[in-house]
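Here the structure is laid out as structure tokens; the discussion comes afterwards.
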Amino acid sequence: MTERYGIILVNLGSPSAPTPKALRKYLAQFLSDRRVIELHPMLWRPILHGVILRTRPAKSAKAYQKIWRRDAQGNFISDAPLIEISRAQAAKLQNALPQNIYVEPAMRYGQPSIKHALDALEAKGCKKIGVLPMYPQYAGATVATVYDELSRVISKRANVPSIRFLRDYHDNPKYISAVCHSFRQHLTGLDWKPDHILFSFHGLPISNIEKGDTYAEECRKSYELMCTELSDVKIDKQITFQSRFGPKEWLKPYTLDTLKQLAARKKHKVLVITPGFSTDSLETLEELSIHAKKEFIDAGGEELSLVPCLNAQDVHIDALTHLTKQHLLSGWQKTENTEEKIRVIFHTNSQSSL
């Protein structure tokens, strides 16, 4: 009987609805993670529950309402854009892989949870499971916390499945080519020529880097590889970092500050691409496409366009298929092939000796 494998695509997550109540629950889980907020809980909890969860949910709910898709009757659909796209990614990857490999989407925070994905795969008979965090560049606040939660969930089980975990794919040629292909398609579709191109990655506190996190190094490596592949595009390019939160100093230059500076320097037409985001979410659809664009225009800019994330594009599914086969399935399948050859040889030798 053919063995069954499971693949879990893990992303950050989203609230269950664009409402203050749903945001409060989601943010409470997200901001309680010690890898996200490293401040000691004795100091952080009074701030989180006494200030942030009293004020931020309503503000965040308004931002989500701007990007949350509605049905024909004008009601918000059940899934946030990130969840909706993640389900599409999992479905298309499922179709691209052999029939004995099952794919489930999962979120580190919110639903569908990592536990839900593991349960679903085990119910299908999958005893070997590969985990692919949808973050090309490693960071403790993203990839490592997926590993933490996976370990926590598995620790509750009596029967633990075999697990393979992909740490990063920041320099994988298929990923680099997929991003550059998407960029070229978008650039060709514009009816204006950009003065400047920003490669905007999610930010991270400098203190995390000082402790040994390799995130900044991997972002810059991805950027360099993409610039090399796009060397024929003779437009100034620059790496920036977005989504700063809290009073700490984060990786610079900041995306929003850079956009304002570009407008002041008469760089009026800017194209932004977000190679660190595998799926469009609040950070791309609202923070950049709406908020940052308005700030740029108000500062004197004329045009700002955001290249969509790879999402469920065929070129992305092709890259994910390659990553899955190369890093999560190849060892298992080689082992099985070897075991099968041994069984065949043994069976043949047994027959010849009779």
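Read-outs throughout are calculated quantities, based only on the coordinates presented, and are distinct from any laboratory measurement. As the structure is a computational prediction, the values presented were derived from the model and not from experiment. Note: ideal-geometry Cβ built from the backbone for every residue, glycine included; neighbour counts use all protein chains shown.
Ratio of Rg to Rh for region 72-230: 1.01 [Cα atoms; Kirkwood radius as inverse mean 1/r over pairs]. Its Cα centre serving as origin, region 135-195 has a Cβ charge dipole (Lys and Arg +1, Asp and Glu -1) of approximately 360 debye. Coupling constants for region 223-233 follow from the phi torsions by the Karplus curve (6.51 cos²θ - 1.76 cosθ + 1.60, θ = phi - 60°), and in residue order they are 4, 4, 5, 5, 4, 5, 5, 9, 4, 6, 7 Hz; glycine and proline get x. Here region 216-337 is treated as a sphere whose radius is the Kirkwood value from Cα pairs; by Stokes-Einstein at 4 °C and 1.567 mPa s it diffuses with a coefficient of 78 µm²/s.
In region 173-306, Cα pairs under 8 Å separated by at least six residues give a relative contact order of 32 percent. Build a GNM of the chain with springs between Cα atoms under 10 Å apart, and of ALA264, ALA292, ALA158 the one that fluctuates most is ALA158. Phi-derived couplings, Karplus 6.51 cos²θ - 1.76 cosθ + 1.60 at θ = phi - 60°, listed residue by residue for region 161-168: x, 6, 10, 10, 10, 8, 6, 6 Hz, with x used for Gly and Pro. So what's the gap between the Cα centers of region 253-321 and region 176-215, to the nearest angstrom? Centre-to-centre distance over Cα atoms comes out at 8 Å.
For the chain, calculate the relative contact order in percent as a whole number, restricting contacts to Cα pairs under 8 Å that are 6 or more residues apart. Please report the intermediate quantities before stating the final value.
Working: 515 pairs, mean separation 69.7, N = 354.
Averaging sequence separation for qualifying contacts and normalising by length gives 20 percent for the chain.
Across region 43-51, rounded Karplus estimates of 3J(HN,Hα) from the backbone phi angles (6.51 cos²θ - 1.76 cosθ + 1.60, θ = phi - 60°) give 8, 7, 4, x, 6, 4, 7, x, 10 Hz, Gly and Pro being marked x. Could you give the Stokes-Einstein D for the chain in µm² per second, using the C-alpha Kirkwood radius, 10 °C, 1.306 mPa s? In µm²/s, the coefficient rounds to 72. For each pair in LYS92/LYS124; LYS211/LYS248; LYS66/LYS266, compute the distance between the two Cα atoms and list the pairs where it is over 21 Å. Exceeds cut-off: LYS66/LYS266. Helical runs (DSSP H, four residues minimum) scored at -39500 (n - 2.57) apiece and divided by the length of the chain put the mean residue ellipticity at 222 nm at -14000 deg cm²/dmol.
With +1 on the Cβ of every Lys and Arg and -1 on the Cβ of every Asp and Glu, and nothing else charged, how large is the dipole of region 173-306 about its Cα centre, in debye rounded to the nearest 20?
280 debye
Tell me the relative contact order for region 211-285 as a rounded percent, counting alpha carbon contacts under 8 Å between residues six or more apart.
On the way: 23 pairs, mean separation 16.7, N = 75.
So the answer I get is 22 percent.
When the expected Rg is taken as 2.2 N^0.38 Å, what fraction or multiple of it is the alpha-carbon Rg of region 101-178?
Numbers: Rg = 13.1 Å, N = 78, 2.2 N^0.38 = 11.5 Å.
Compared with the compact-globule rule of thumb, region 101-178 sits at 1.14.
In plain terms, the chain from SER32 to ASP171 could stretch by 46.9 nm, reckoned as 0.36 nm per residue minus the Cα-Cα distance.
In this simple spin-label approximation, ASP298 and LYS221 carry label points 7 Å from Cα along the Cα→Cβ vector, and these lie 3.9 nm apart. Each of LYS21 and THR228 was given a label point 7 Å from its Cα along the Cα-to-Cβ line. The distance between the two points is 5.3 nm. Projecting label points 7 angstrom from Cα along Cα→Cβ for ALA72 and ARG54 puts them 4.6 nm apart.
Charges only on Cβ, +1 for Lys and Arg, -1 for Asp and Glu: so what's the dipole of the chain about the Cα centre, in debye to the nearest 20? Show your work: numbers first, answer last.
Working: 48 positive and 38 negative charges, 186 e Å.
Dipole of the chain, to the nearest 20 debye: 900 debye.
Long-range amide H contacts for ILE163: which residues qualify at under 5 Å (H placed 1.01 Å from N, peptide plane, sequence gap of 5 or more or a different chain)? Those qualifying (amide H under 5 Å, at least 5 residues apart or on another chain) are ILE129.
Just checking the listed ones, LYS174, LYS62, LYS252: in the Gaussian network model of the chain with Cα springs under 10 Å, the one fluctuating most is LYS62.
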